[in-house]
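Below is one structure, written out as structure tokens; the observations come after it.
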Amino acid sequence: MPSSTSRSEGLVGGAAERRPRRRRGVQLIVYPNRFGATIAGLLRLLDGPLLRDVFEGVHLLPFYIPFDGADGGFDPVDHTQVDPRLGDWEDVRELASRYEVVADVIANHMSAQSPQFLDTVARGDASEHAGMFLTMGSVFTEGASEKDLLSIYRPRPGIPFTVMPWGEGRRLVWTTFTEHQVDLDVDDAETAAYIDEVLRALAGAGVDMVRLDAVGYVVKTAGTSCFMTPATMEFIHRITARAHELGMEVLAEAHTHYAMQVALASAVDWVYDFALPPLVLYSLYTGDGDPLRRWLGLRPDNCVTVLDTHDGIGVIDVGPSRHGSRQAGLLAPDQIDQIVEGIYERAGQESRLSTGRSASNVDIYQVNTTYYDALGRDDHRYLLARALQFFTPGLPQVYYVGLLAGHNDLALLAQTGVGRDINRGRYLTPDVEEHLARPVVAALFELIRFRNAHPAFTGDFDFGGSGAVITMTWTLGEHRATLTANLVAGQATITWTDRKGRLQRTANLLNPPWHTPDDLSQ
């Protein structure tokens with residue numbers, strides 16, 4: 001069996017030569033096989049006439065071997081290699097030479113079909129790789145009580161163990177997510193070398209930022225919740241320091257209470273603002289802007305802002321803490337219920353059937369739907385939601401389905417039975433052309449270009465308003481851009497200074513072009 005250092009030897013000695021950092025404009029979140037077919041095809045699409053000058057960066061969802069496993073690429077057999085059906089490291093380098101690239105580091109687990117785990121299944125503790133994988137016994141060396149097991153935090157029903165063969169016997173293997181994803185011991189020497197090889201491969205391909213997938217679950221410590229513990233934070237500090245040595249920034253992914261997100265933000269370059277998607281929905285469903293305004297005053301500035309991703313719309317991030325002190329959330333339980341029921345009402349029963357225990361491989365705290373369907377396919381409210389996202393401080397990302405104001409993919413859901421696939425449809429170039437003919441998509445492109453181009457967004461941010469009206473303003477010297485959102489009407493007005501310092505105004509985001517590049521201050 002090849003050693004952990006031989007799989008990419010000669011390809012990735014260290015960080016590639018870094019190009020000058022662009023201003024942080026809007027990024028695209030994308031599966032290359034579902035939007036462009038391959039990494040090279042994605043680049044052609046981004047550079048082509050349909051998407052030229054729309055995005056400054058790309059979060060390239062898992063492109064490792066295999067990209068189409070049991071969890072959409074988040075169950076890698078080999079995390080150090082590009083799946084040849086999508087391309088190779090040179091294709092990633094070419095993409096990174098034109099766009100800022102974000103790529104996933106999946107340190108919590110690897111595929112149950114990986115050579116290392118298959119060898120462990122066959123040989124048990126005699127396998128040289130057995131130490132890579134966590135079992136109940138390897139964490140709870142003195143045994144575990146019922147209280148110990150029930151204290152473990154897991155995003156899915158049940159306890160996180162699967163009975164699996166282990167040589168001539170069987171073990172309770174730690175499987176936080178599914179039986180197809182076996183958890184790693186990040187303190188094991190071989191695991192640490194493997195993760196470091198992944199980091200070096202990404203740096204060698206010119207990747208700008210690594211996303212620490214499900215990082216809150218990475219370290220398991222007996223007697224704790226095994227989620228976002230002090231030992232977890234130590235690991236995050238270690239991997240962040242190593243990424244920085246290789247010239248990459250770090251984005252940490254953790255669905256958790258907002259106070260923990262604020263604390264996590266001080267340890268890494270970027271955290272997700274996962275509270276924003278449900279808060280925007282709540283605001284537009286109820287006309288109550290107070291919770292969103294409260295969050296704008298609490299949140300860290302180094303946030304990646306999203307409305308939709310490859311996962312569902314999380315609600316745990318605005319709810320009460322599930323650990324320790326039981327801190328109150330940004331929303332009360334009845335307000336969270338309003339969001340969930342509001343999605344079901346607008347998106348149809350298919351969203352209910354694709355969520356929680358109704359579908360396999362789905363986190364019980366996430367509702368599965370496209371964001372456009374969650375807003376009842378209302379073009380004005382959808383654009384208002386995007387305007388709220390783009391005016392909120394941080395690094396904005398738009399999921400490829402959301403870019404095209406996509407509908408729930410019921411055919412794909414029926415085919416796979418995986419709830420999150422309702423928001424993971426496949427789009428070929430003709431599909432993109434067809435969607436661009438829709439006014440809401442054309443208008444979203446204009447809004448993205450405005451967010452990328454206007455210099456006020458590199459300045460100071462302020463917000464205000466009351467009741468159903470929210471105002472957000474960016475100011476840089478004489479440059480200014482202001483969003484005034486009426487949550488009840490579902491309408492927005494944007495005022496901005498043009499290149500000559502004149503104040504411009506639009507009261508209808510759905511009718512582009514309401515500005516041109518020459519309108520914007522330079």
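Please go through segment 295-307 and give me each residue that is open to solvent by 10 Å² or more (accessible area, probe 1.4 Å) and not hydrophobic (A, V, I, L, M, F, W, C), ordered by number.
Across segment 295-307, the qualifying residues are GLY297, ARG299, PRO300, ASP301, ASN302.
Does segment 318-329 include one or more residues that are of a type in the set (Val, Ile, Thr), crowded, with 22+ Cβ neighbours inside 10 Å and under 22 Å from the mean Cα position of the chain (by Cα)?
yes
Please go through segment 215-228 and pick out each residue that is over 20 Å from the mean Cα position of the chain (by Cα), open to solvent by 10 Å² or more (accessible area, probe 1.4 Å) and within 19 Å of ALA254 (Cβ to Cβ).
VAL219, LYS220, THR221, THR224, SER225
So is ALA231 of a type in the set (A, V, I, L, M, F, W, C), more than 19 Å from HIS109 (Cβ to Cβ) and part of a helix (DSSP H, G or I) or not?
no
Hey, among MET233, MET260, MET164, which residue is within 22 Å of the chain's Cα centre (by Cα) and at pLDDT 95 or above?
MET233
Could you tell me which numbered condition ALA328 fails, if it satisfies all but one of (1) modelled with pLDDT under 95; (2) closer than 22 Å to ASP378 by Cα; (3) out of contact with any Ser or Thr (no Cβ under 6 Å at 6 or more places or on another chain)?
Every condition holds for ALA328 apart from (2).
Where in segment 114-226 are there strands (runs of 3 or more DSSP E), lying wholly inside it, with at least 3 residues that are in contact with a Ser or Thr (Cβ under 8 Å, 6 or more places away or on another chain) and in contact (Cβ under 8 Å) with a residue 24 or more places away in the chain?
169-174, 181-183
Restricting to segment 116-137, name every residue that is under 23 Å from THR232 (Cβ atoms), open to solvent by 30 Å² or more (accessible area, probe 1.4 Å) and either of a type in the set (A, V, I, L, M, F, W, C) or out of contact with any strand residue (DSSP E or B) (no Cβ under 8 Å at 6 or more places or on another chain) (or both).
Passing the criteria: GLY131, MET136.
Scan segment 138-150 residue by residue and report those that are surrounded by 16 or more Cβ atoms within 10 Å (Cβ to Cβ) and more than 16 Å from ALA189 (Cα to Cα).
Those that are surrounded by 16 or more Cβ atoms within 10 Å (Cβ to Cβ) and more than 16 Å from ALA189 (Cα to Cα): VAL139, PHE140, ALA144, ASP148.
Answer yes or no: is there a residue in segment 472-489 that is β-branched (Val, Ile, Thr), at pLDDT 95 or above and farther than 25 Å from GLU56 by Cα.
Yes, the conditions are met somewhere in segment 472-489.
Given the options LEU279, LEU212, LEU292, name the one that is out of contact with any Asp or Glu (no Cβ under 8 Å at 6 or more places or on another chain), over 21 Å from THR369 (Cα atoms) and surrounded by 21 or more Cβ atoms within 10 Å (Cβ to Cβ).
LEU292
Do you know which residues across segment 391-409 are open to solvent by less than 30 Å² (accessible area, probe 1.4 Å) and part of a loop (DSSP other than H, G, I, E, B)? Give the derivation first.
Our first condition is that a residue be open to solvent by less than 30 Å² (accessible area, probe 1.4 Å); within segment 391-409, this holds for 391-406, 408.
The answer is THR392, PRO393, GLY394, LEU404, ALA405, GLY406, ASN408.
For (1) crowded, with 20+ Cβ neighbours inside 10 Å; (2) of a type in the set (D, E, K, R), each residue gets a yes or a no:
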position	(1), (2)
ALA40	no, no
LEU46	yes, no
ASP53	no, yes
LEU60	yes, no
TYR64	yes, no
ASP68	no, yes
PHE74	yes, no
VAL77	no, no
ASP104	yes, yes
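Give all pairs with beta carbons closer than 6 Å in which a residue from segment 239-252 that is under 11 Å from ASP208 (Cβ atoms) and touching a residue at least 24 places away in the same chain (Cβ under 8 Å) meets a residue that is assigned to a strand (DSSP E or B) and basic (Lys, Arg); count only pairs at least 6 apart in sequence or on separate chains.
LEU251/ARG211
For segment 410-450, give me the residue count where each residue is under 25 Å from GLY312 (Cα atoms), open to solvent by less than 20 Å² (accessible area, probe 1.4 Å) and at pLDDT 90 or above.
Residues meeting the conditions: 7.
I'm trying to understand the selection: among the residues of segment 451-498, which are hydrophobic (A, V, I, L, M, F, W, C) and farther than 18 Å from TYR285 by Cα?
Answer for segment 451-498, where residues must be hydrophobic (A, V, I, L, M, F, W, C) and farther than 18 Å from TYR285 by Cα: ALA453, ALA456, PHE457, PHE461, PHE463, MET472, TRP474, LEU476, ALA481, LEU483, ILE494, TRP496.
How about segment 436-522: which strands (runs of 3 or more DSSP E) wholly inside it have at least 1 residues that are within 28 Å of the chain's Cα centre (by Cα)?
On the way: elements: 460-466, 469-476, 479-486, 491-497, 503-506.
Because the criterion is at least 1 residues that are within 28 Å of the chain's Cα centre (by Cα), the strands (runs of 3 or more DSSP E) in segment 436-522 that meet it are 460-466, 469-476, 479-486, 491-497.
Quick one: what pairs do we get from segment 266-289, first residue within 21 Å of ARG377 (Cα to Cα), second assigned to a helix (DSSP H, G or I) and aromatic (Phe, Trp, Tyr), C-beta under 8 Å, 6+ apart or different chains?
LEU276/TRP295; PRO277/TYR371; LEU279/TRP295; ASP288/TYR282
The values are calculated or read from the model by the stated rules, or taken from the named source; none is laboratory data. Please read all numbers here as calculations on a predicted model, not as lab measurements. Positions of Cβ are backbone-derived with ideal geometry, glycine not excepted, and every protein chain shown enters the neighbour counts. Note: areas computed on protein heavy atoms with side chains; ligands, DNA, RNA excluded. Shrake-Rupley method; radii C 1.70, N 1.55, O 1.52, S 1.80 Å.
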